[in-house]
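Notes to accompany the following structure.
The values are calculated or read from the model by the stated rules, or taken from the named source; none is laboratory data. This is a predicted model, so every value here is computed, not measured. Don't worry about glycine lacking a Cβ; one is built from the backbone with ideal geometry, like all the others, and counts go over all protein chains shown. Heads up: the accessible areas ignore ligands, DNA and RNA and are worked out on the full protein's heavy atoms, side chains in. Shrake-Rupley method; radii C 1.70, N 1.55, O 1.52, S 1.80 Å.
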Amino acid sequence: MPTYLYRMILFAMLLVAIPVTTIGMISYRISSQDIEKKVKESNSQILLQNQMRIEQVLKNIEMGAVQYLNSPLVTENFYNALTQDDFQTITDLAKGLYNLHSLSGVADTHLINLEKEWMISNLGFTGTEEYSDKELLKEYAKNPKNLFWLADANGIRMVVKLPMIAPSTTPKALLIIEMSKTEMEKALAQTKQLGDIYVLNGEHVPFLSNTGAFAISDSILKPLKTVSDVNGYYEGKDMAVNYKVSATNWIYASVVSIDQVTMESKKIAVVTMQVCLIVFIVIAAAAFYGSRRMYSPIRRLFQITEQLGGETTDARRKDEFAYIEDRFNALFRTGKQFQQQLQGQKGQMKEFFLLKLFMGQVTESEFAFKCDTYGFAERGKSMGVIALQIDSLQDTRYMESDKELLLFAIHNIVSELLPANRLLGSLLLDQSQVSLLTGDVEDPLELQLSFHQAAEEIKSKVHELLQLKVSIGISRVFSRYTDAMNAHAEALEALKRRIRLGSDIIIHYDDIETIHENSKHLAASLNYLEDYLVNALKTGDTTSSFEHFDQYVAAIMERDIRFNDFQFVMIQLITVIHGLVQQQGGKLEGLIDTKSVLHYFMKLSTVQDITSWFKTDLLPPVLAFFKGRVDSQYINLAHQMLEMIHAGFEQDITLESCAEQLKYHPVYVSRVFKKEIGVTFIDYLTNYRVNMAKKWLKETNMKISEIAERLTYTNSTGFIRTFRKLTGMTPGQYRDS
């Protein structure tokens with residue numbers, strides 16, 4: 001499968017797709033932004049033109065009205081009390097009003113004399129009472145401005161207060177010019193492609209829009225109510241808005257759909273996508289053709305390597321270069337792997353051979369055959385064995401589970417610290433690091449000194465790197481390799497003398513004093529301390545148990561014994577504890593969560609480790625087990641005594657009779673009853689009898705003397721005295737109540 005060819009084609013297409021797509025997206029974005037900018041500017045210009053057109057219309061009307069009001073005809077006759085008889089004057093004034101109608105957008109005019117109460121309008125000369133809404137006239141009069149525009153639901157109008165030269169809230173006359181909304185809307189020229197135009201009054205109420213405009217929505221109107229700039233732009237929900245604020249505080253707003261704005265952009269996007277697709281297809285075709293031509297030499301090389309055979313299914317799934325590389329590397333890797341395997345197995349075989357040597361499973365002839373293979377020194381040279389053990393992990397940063405890992409680290413330290421010409425071999429064996437050493441000297445004393453110096457170096461380096469205290473045992477010097485088993489035993493025996501000499505030491509087997517002692521006699525002399533410890537365990541007394549255990553160990557250590565004797569005595573103690581747990585229906589291995597207690601115990605190599613294991617792992621769960629049994633026994637005993645009281649309260653029952661029936665001492669049952677029930681035996685019995693007397697007094701017609709006799713009182717007086725003491729009243733008073 002031409003995997004690499006597919007990768008080349010895919011890579012070439014990616015090189016084409018990324019720049020083409022990037023250029024297309026950038027082109028579309030730039031063109032879209034330009035179109036949106038142009039539309040925004042066009043809307044702003046059209047909005048400005050419409051604003052200027054509307055304001056020009058308003059300005060023309062203002063100028064026409066001012067000219068009319070300042071004419072001699074108006075100034076001379078306007079404030080007179082005109083009547084129907086002043087026909088010529090009224091006609092001249094009306095003619096001036098009619099001339100204002102010629103201005104664009106004017107629909108109606110009213111000339112009103114508030115003081116003389118006459119009015120000239122399209123209806124002719126009438127009284128002011130003919131005006132449609134006289135309340136509006138009052139509002140117009142209160143306006144602080146002499147000339148102002150109003151736009152609301154009533155229409156668009158201009159109001160001029162007379163006289164104009166001084167502001168007044170009580171004008172003499174008003175000129176009102178009504179505007180044609182239709183004509184004003186025609187002045188708002190706008191196309192649907194560029195949206196709709198709306199005009200809002202000072203209260204932000206839309207009163208004018210171009211012909212055919214939709215009702216302005218609240219989502220667009222709400223932001224317009226909060227604008228503070230003279231002009232601006234914002235986008236609402238699917239709509240874009242340009243606005244301008246006029247001098248009359250009217251807001252001119254152009255609202256256009258964003259879809260209409262981006263319509264041209266979408267057309268550009270389609271064209272851009274088509275162009276990019278065409279470019280991509282053309283270049284991709286060229287890339288495909290070029291990749292196949294470049295792949296030709298690779299294909300030929302791949303076919304040659306395939307003919308070699310031997311490939312696996314996983315190898316065939318790789319690309320061609322990876323497959324070819326694997327095939328070439330396989331030839332060079334095979335020889336190196338063989339060499340590495342040989343070296344690795346040689347080291348493992350040497351350790352295995354050394355283990356058999358220490359276990360006494362190698363004969364002299366077998367050693368002579370294999371000594372050169374594993375690099376041992378020539379026969380006849382003096383040798384020695386050193387055995388290293390960790391004293392204790394207590395008060396260190398390590399856990400007991402780290403012990404094997406620490407021994408492995410020490411093994412590496414020894415291998416690197418001692419030169420190869422002196423270290424014949426080393427291995428880990430039964431919680432010990434054991435090394436077989438030799439030297440360049442023949443004198444046994446000098447050789448022993450060199451072994452001691454090597455042990456000092458190892459001990460110092462271990463403390464420096466691991467902050468551990470270790471002890472090292474050194475065997476006697478020997479020259480026959482088959483004596484290595486005895487030398488290993490001597491080194492371990494030397495380490496066992498730490499029970500008397502302490503930890504963190506180097507011990508030579510030659511320095512050991514042989515001491516003979518009867519371990520059975522030792523165990524017999526400790527029987528009384530063992531009995532104290534067993535009794536404390538049975539009662540679940542933690543403090544007493546630990547005190548007696550410390551005394552037990554101290555009594556052993558007072559004697560100058562060997563480590564093996566110490567192990568023997570402690571094994572006897574474990575056996576006794578195991579028997580106690582079994583008597584109570586338990587299992588010692590289940591309490592301390594281990595498969596074999598003795599197997600774990602035999603791994604402990606120092607007195608400190610053994611005593612620490614007893615105090616932390618063995619005694620606490622055993623104490624908890626016995627304490628649970630004692631508590632359960634107390635509850636059961638107290639419950640039996642309660643049943644005896646409830647069943648025999650009408651008899652002459654006593655604490656002694658209960659204890660005799662339960663096979664316990666009266667003092668013991670009395671203490672248990674008080675501990676579990678909270679009151680003494682006699683107090684509970686008396687209270688129970690009085691409660692039964694209350695029940696009989698309430699539910700039966702028994703005489704008081706009969707009740708006293710039934711409750712084993714010799715006379716009624718004693719019963720009455722006891723009843724009054726506990727209830728505060730006599731039996732008769734209790735029955736009456």
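Distance from the alpha carbon centroid of region 84-154 to that of region 662-737 works out to 118 angstrom. Around the amide H of M239, modelled in the peptide plane, lie the amide H atoms of I258, all under 5 Å away and 5 or more residues distant in sequence or on another chain.
Could you tell me which of rounded, prolate or oblate describes region 608-718, using a ≥ b ≥ c as the square roots of the eigenvalues of the alpha-carbon gyration tensor, with rounded for a/c under 1.5 and, failing that, prolate when a/b is larger than b/c and oblate otherwise? Cα axes put region 608-718 in the prolate bin.
Does the chain come out rounded, prolate or oblate, given a ≥ b ≥ c as the square roots of the eigenvalues of its C-alpha gyration tensor, rounded meaning a/c under 1.5 and, failing that, prolate meaning a/b above b/c?
On the way: a/c = 4.68, a/b = 1.72, b/c = 2.73.
In terms of gyration-tensor shape, oblate.
Among the trypsin sites (Lys or Arg not before Pro) in region 662-737, those located in a DSSP loop and surrounded by at most 13 other Cβ atoms within 10 Å of their own Cβ are K663, K703.
At most 13 other Cβ atoms within 10 Å and a DSSP loop assignment: could you name the GluC sites (Glu not before Pro) in region 408-479 that fit?
Values: sites: E416, E442, E446, E456, E457, E464; in loops: E442.
Here the GluC sites (Glu not before Pro) that fit, given the DSSP loop and packing criteria, are E442.
Under 5 Å from the amide H of K469 lie the amide H atoms of D391, S392, each residue being 5 or more positions distant or on a separate chain, with H modelled from the backbone and absent for Pro and chain starts. Can you list the lysines whose alpha carbon sits under 25 Å from that of K469, skipping same-chain ones fewer than 8 residues off? The qualifying lysines are K403, K459, K461, K496, K603, K615.
Heavy atoms only, probe 1.4 angstrom, no DNA, RNA or ligands counted: give me R299, R7 ranked by accessible area, highest first.
Working: R299 95, R7 130 Å².
Descending accessible area places them as R7, R299.
Summed over qualifying helices (DSSP H, 4 residues or more, each -39500 (n - 2.57)) and divided by its residue number, the chain shows a 222 nm mean residue ellipticity of -19500 deg cm²/dmol. For a label point 7 Å from the Cα of M602 along Cα→C-beta, name the residues of region 477-494 whose backbone N is under 12 Å from it. Output list for this probe position: empty. With all protein chains in place and a 1.4 Å probe, the accessible surface of the chain carries 54 percent carbon and sulfur. Give the shape of region 230-293 as rounded, prolate or oblate, defined through the alpha-carbon gyration tensor: a ≥ b ≥ c are the square roots of its eigenvalues, a/c under 1.5 means rounded, and otherwise the shape is prolate if a/b is larger than b/c and oblate if not. In terms of gyration-tensor shape, prolate.
Order the peptides 116-123, 156-163, 551-558 from the highest to the lowest mean number of other Cβ atoms within 10 Å of their residues. The partial results should precede the final answer.
Numbers: 116-123: 17.0, 156-163: 21.0, 551-558: 15.4.
Per-residue mean Cβ counts within 10 Å order the peptides as 156-163, 116-123, 551-558.
Counting only protein chain heavy atoms and rolling a 1.4 Å probe, the accessible areas of S705, S254 rank, largest first, as S705, S254. Label-to-label distance, T575 versus K615, with points set 7 angstrom from Cα along the beta-carbon direction: 2.7 nm.
Please work out the average accessible area per residue across the chain, using the 1.4 Å probe convention, and give it in Å².
Numbers: 41460 Å² over 737 residues.
Heavy-atom accessible area per residue stands at 56 Å².
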